[in-house]
Each structure stands twice: as structure tokens, then as C-alpha cells.
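Have a look at the structure below before the remarks.
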Amino acid sequence: MPTNRRTKAKDGKGKAESPMSKYVRVTPVEDNESADDIDERHDTNLREFIEVHLLSLETKMDNMEKKLDELAEGQKAMVERIETLEKNQEDIIQSVEHNGLDIAAIQSMEKEQDNKLTELEHKISNLTSQIDMVTNENIKLQRYSRQYNLRFGGIEENESENCITIIEELIKTEFGMQQVQVENAHRVGKMGNGPRHVLAKFLLRPQRNEILRRGKRTLAKLNIFLTEDLCPQDLKAKHLVRKTMEDAFKAGDKPRFRNGKLFINGRLFTPPSQEAIK
């Protein structure tokens, strides 16, 4: 009895399987199918498989071609960009080379200006030192000149008055100094509600000092006050320590302001702020 091909295919003892059989869709064998029908069906399935995969390969090839086209466009754009960068680099190099002399000239000018600035600062420093020295000398001269002066406040003011005569008569009457010599005297300050000060310059400094020493008590009964003729710098310095001087008087100490400095009981007074700095 002839052997059935289906049985051999199942048992693996008949016709060898095709190498493509593992990729081909396998359909169940019908009982009434002949061997030729089975082979034809296998061939049909194989053709279908090949057609499907060829279509898939064609689709993949199309996609690959599109990607290759995109890569080509990207490469072209990259090349153009590189060429642009290279051109820009060349332009920058040429610009730097062209402007190299200008940069060197600017740097030279800056160095020259720095040297001039340093020289100018040195001159300013010297001038400042000279100004300070001249200012100090001027203050000393003012102090020396004003050591012959005294200021009288509270004396009635008249248009036809002679200030020299007024001061001399006041000193002779109240101080008993018959030989007093007033070199010059005049009103100072702006016209206001009260009489202006009389600034008197004495010929002899000892007479001036004696009048200053006795003047405050002697003239207080006449409502006339007496003060030194201080230069602006010393007047400002005295104003700053006025409260300290008042407190020293109240405490029974002996404050004395001289040459822009305050002495209390013979000792130089240093403001607390300056002591902290020291």
C-alpha cells in the first residue's frame, strides 16, 4: 500500500522541507488534498510571502532614500555654514591685522595719558602741600596781627562818632589807664537791630592784654562785653568747644582758648572723637 505524503511530512521521513518553509504561512492539510494540491498551495503561499516582503523592502528603500536626501541637504547646509565661518574668520583676521597699528597707537596714547595723569597727581599733591603751608602761615600772621586787637560789644552807635576817642575814654575811665594808645578803631559787621562791634587795635600789646584780663568784670556793669579778635579758623574752632569751656567754668576750672586750641588748667583739651582716633 503506497505511503501517504502527508504522513511522511508529519513523520519527517518523506520529502525535505523547503529552506523558506519557516517564513511561509503554513495551513492545515485537508484530508481530500492531493500532494500536487499541497505543493501548489505552498508555492502560492511562498509567492505571497515574497511579494509582501518585496513591498516591505521597497517601502524601506524609499524611506532610506528620503533619509539619504535629508542627510545630503543637511551636509550641504553644514558645508555652506563652514564656508561662511571660514570667510568670517578670514575677515576677522584681516580686520585685526588692519587695525593692529591703531590698537598699538591707542595703547601708546593710554600709556602716555597715564604718565601725564600720574605727573598731574604728583603736581596736585605738591600744590596741596604748598597751599596747606601757605594757609598755616597766613593763619599765624593773622593771629600775630590780631594779638593787638580787641572787640567791644554793646557800645551805642552814632553816625558822627569817633571810635578811637570812644575806646580811649572808656579805657581811661573804667581801667584808670591814662596812657592807653589806640592805633585804630572802627565798627565791623552788618547793620542790624543792635549796635555793631567796635574793633580796636592797640599800639602796645601789654596794654591790650591787661585790658583783656580785666575787661570782662570791669565792663560787665556797663553791659559792654569784651572779646578777642579771632581769625575765622580759630573762631570756628572756639565755637566747637564753647560748651566744654562753659562746663569748665562751672566746675571751677580755668579754660583758656589760644591759637585755635583749648587748654583747661594748663592742659591741652582733646575732644573725645580725636582721642578715639588716637
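The values are calculated or read from the model by the stated rules, or taken from the named source; none is laboratory data. The shown structure was predicted, so the numbers you read here are calculated from the model rather than taken from an experiment. All Cβ positions, glycine included, derive from the backbone under ideal geometry; neighbour counts span all protein chains shown. When the accessible area is computed, the model is the full protein with side chains, heavy atoms only, and any ligands, DNA or RNA have been set aside. Shrake-Rupley method; radii C 1.70, N 1.55, O 1.52, S 1.80 Å.
For every residue, the table says whether it meets (1) at pLDDT below 90; (2) of a type outside the set (D, E, K, R).
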residue: 117; (1), (2): yes, yes
residue: 136; (1), (2): yes, yes
residue: 142; (1), (2): yes, yes
residue: 157; (1), (2): no, no
residue: 165; (1), (2): no, yes
residue: 169; (1), (2): no, no
residue: 174; (1), (2): no, no
residue: 194; (1), (2): yes, yes
residue: 202; (1), (2): no, yes
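Hey, can you tell me all the residues within region 114-159 that are open to solvent by 100 Å² or more (accessible area, probe 1.4 Å) and within 17 Å of residue 260 (Cβ to Cβ)?
Result: 133, 140, 141, 144.
Any chance region 207-226 includes a residue that's touching a residue at least 60 places away in the same chain (Cβ under 8 Å), within 26 Å of residue 141 (Cβ to Cβ) and not hydrophobic (A, V, I, L, M, F, W, C)?
yes
Of the numbered conditions (1) in contact with a Leu (Cβ under 8 Å, 6 or more places away or on another chain); (2) without any contact (Cβ under 8 Å) to a residue 60 or more places away in the chain; (3) buried (at least 17 other Cβ atoms within 10 Å of the Cβ), residue 244 satisfies every one except a single condition; which is it?
(3)
Can you name every residue in region 203-236 that is open to solvent by less than 60 Å² (accessible area, probe 1.4 Å), in a loop (DSSP other than H, G, I, E, B), of a type in the set (A, V, I, L, M) and closer than 16 Å to residue 182 by Cβ?
224
Just one of 169, 183 is open to solvent by 60 Å² or more (accessible area, probe 1.4 Å), part of a helix (DSSP H, G or I) and free of Cβ contacts under 8 Å to residues at least 40 places away in the same chain; which is it? Break it down into steps so the answer makes sense when it comes.
Working: 183 fails: part of a helix (DSSP H, G or I).
Only one candidate passes the filter, namely 169.
Looking at region 247-254, can you tell me whether even one residue there is among the aliphatic types (A, V, I, L, M) and open to solvent by 60 Å² or more (accessible area, probe 1.4 Å)? Explain how you work it out, then say what you get.
Residues of region 247-254 among the aliphatic types (A, V, I, L, M): 248, 251.
Among the residues that remain, those that are also open to solvent by 60 Å² or more (accessible area, probe 1.4 Å) are: 251.
Yes: one or more hits.
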